Amino acid sequence: MPASSSSSKPARPTVSDERIDEFVQHLTGDRGASTYTVRNYTQALHECFAWHVAERQGPPQWESLQRDDFRTYLRSLGRNKLSHAAIQLRFSALRTFYKFLIRRGRLAQSPIKNIFLPKKGRALPQFLTKRQMEDLLEAPATELKRRCGPEQPRGPGRPANPADFHRDTAILETIYSCGLRISELCGLRANDLDWSEQLVRVRGKGKKERLAPIGEPALQAIRAYWDHLAAPPDNDGPVFLNHREPPGPMAPRVVQLRLKRYLVAAGLDPTLTPHKLRHSYATHMLDAGADLRSVQELLGHAHLVTTQVYTHVTTERLKKAYAAAHPRA
């Protein structure tokens, strides 16, 4: 995000802005927004603040800004070659910010209204095939055997901890079984698991809770993991533990790095993220005949249009199969 038309990245303002501070308090307190939303929206507003200081030689009076001001801001983002997603994020933050100001009676109408952002064709989500998914799920056990087998000589460095590999198997099984976001996975607590009903309570975006079915292979993997701990987690303890000091729940970044290891071991693309396992879950569910509304609820999507992208994935796959097999395609 530019500080001016000639600079590529503005410094975050060192002074506080009363309106932004009020909005951030609203996000964290009233709306219960996720840590990621608060961070991204706060950064976006501070960047717009910095742009205004650099371009207009003073801090913005948010209630006085006009549509043309934000059109100029949009052009500055384009000149600095921000991605489509980055521009969308910044204007999403601004729209939400102005809705907040309107509800607080600061102004009557948003200056962001009727500003049309450049459109980009929606990319189809990446996903693993069922065979690739099986290979990935088996990778931690294969790595455990390779690292900790009796035939392996003990070299220098920290010895491999078998509990790490059993935990990683359980993590991959749970993400794929329940279609979880990485933040939802890391936030799971032991008392969120209903073993008899095979359900898990998930805390999604905006602190919204949902119940998701969890398959027996995932539950078995969690049991096997807990069997390798000195004691299972307390009811309020995290399902998946960081085994280093200080103890605590798994961090999303650690999950990402562990996944990269197993993608390489399984001969798959190491740039795939944990979210791609969620894509795989949704795609495989729809391929097997699940209806779109059910998949929407299982994923915790607020709007059906978010889920509909997966129907494009299955449609494209079917079209390719048709083109390859039908004699008059």
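Each reported figure results from applying straightforward, stated rules to the coordinates on display, with no laboratory input. From a predicted model like this one, the values you see are computed outputs, not experimental measurements. No Cβ is skipped: glycine too gets one built from the backbone with ideal geometry, and neighbour counts run over all protein chains shown.
Simple point charges give the picture: +1 on the Cβ of Lys and Arg, -1 on the Cβ of Asp and Glu, and for the range 18-103 a dipole about the Cα centre of about 400 debye. May I ask for the net charge around residue 133, where only other residues with Cβ less than 14 Å from the Cβ of residue 133 are counted and Lys, Arg are +1 while Asp, Glu are -1? Counting the neighbours of residue 133, the net charge comes to -2. Each helix, a run of at least 4 DSSP H residues, gives -39500 (n - 2.57); summed and divided by the residues of the chain, these come to -17000 deg cm²/dmol at 222 nm. According to the calculation over all Cα-Cα pairs in the range 163-231, the P(r) per 5 Å bin from zero is 3, 18, 30, 27, 15, 6, 1 %. Positive end of the dipole of the chain (Cβ unit charges, origin at the Cα centre): among 257, 78, 290, the Cα lying farthest that way belongs to 78.
Between the helical axis of 67-79 and the dominant principal axis of the chain, each derived from Cα atoms, what acute angle in degrees is found, rounded to the nearest 10? It is inclined by approximately 50 degrees.
How are the Cα pair distances of the chain distributed, in percent, across 20 Å bins from 0? Each 20 Å bin holds this share of Cα pairs: 25, 48, 26, 1.
How big is the charge dipole of the chain about its Cα centre, in debye rounded to the nearest 20, if each Lys and Arg gets +1 on its Cβ and each Asp and Glu gets -1 on its Cβ? Present the calculation step by step, with values, prior to reporting the outcome.
Details: 50 positive and 33 negative charges, 289 e Å.
I would put it at about 1380 debye.
Ordered by packing density, taken as the mean number of other Cβ atoms within 10 Å over each peptide's residues, highest first, how do 91-97, 210-216 rank? Write out the running numbers ahead of the final one.
Working: 91-97: 19.3, 210-216: 15.7.
Most protected by this proxy first, the peptides run 91-97, 210-216.
Projecting the Cα atoms of 280, 50, 188 onto the charge dipole of the chain, computed from C-beta unit charges around the Cα centre, puts 50 farthest toward the positive end.
Give the calculated FRET efficiency between residue 84 and residue 293 to the nearest 0.05, with a Förster radius of 25 Å applied to their Cβ-Cβ distance. Computed FRET efficiency for residue 84 and residue 293 comes out at 0.30.
Here's the picture: charge each Lys and Arg Cβ at +1 and each Asp and Glu Cβ at -1 in the chain, and of 179, 40, 129 the one pushed furthest to the positive end of that dipole is 40. Globularity index of the range 18-103 is 1.07 (Cα radius of gyration / 2.2 N^0.38 Å, N = number of residues). When a/c is below 1.5 the answer is rounded, else prolate if a/b is larger than b/c, else oblate, so apply that to the range 191-307 with a ≥ b ≥ c taken from the square roots of the Cα gyration tensor eigenvalues. Note, shape of the range 191-307 comes out oblate.
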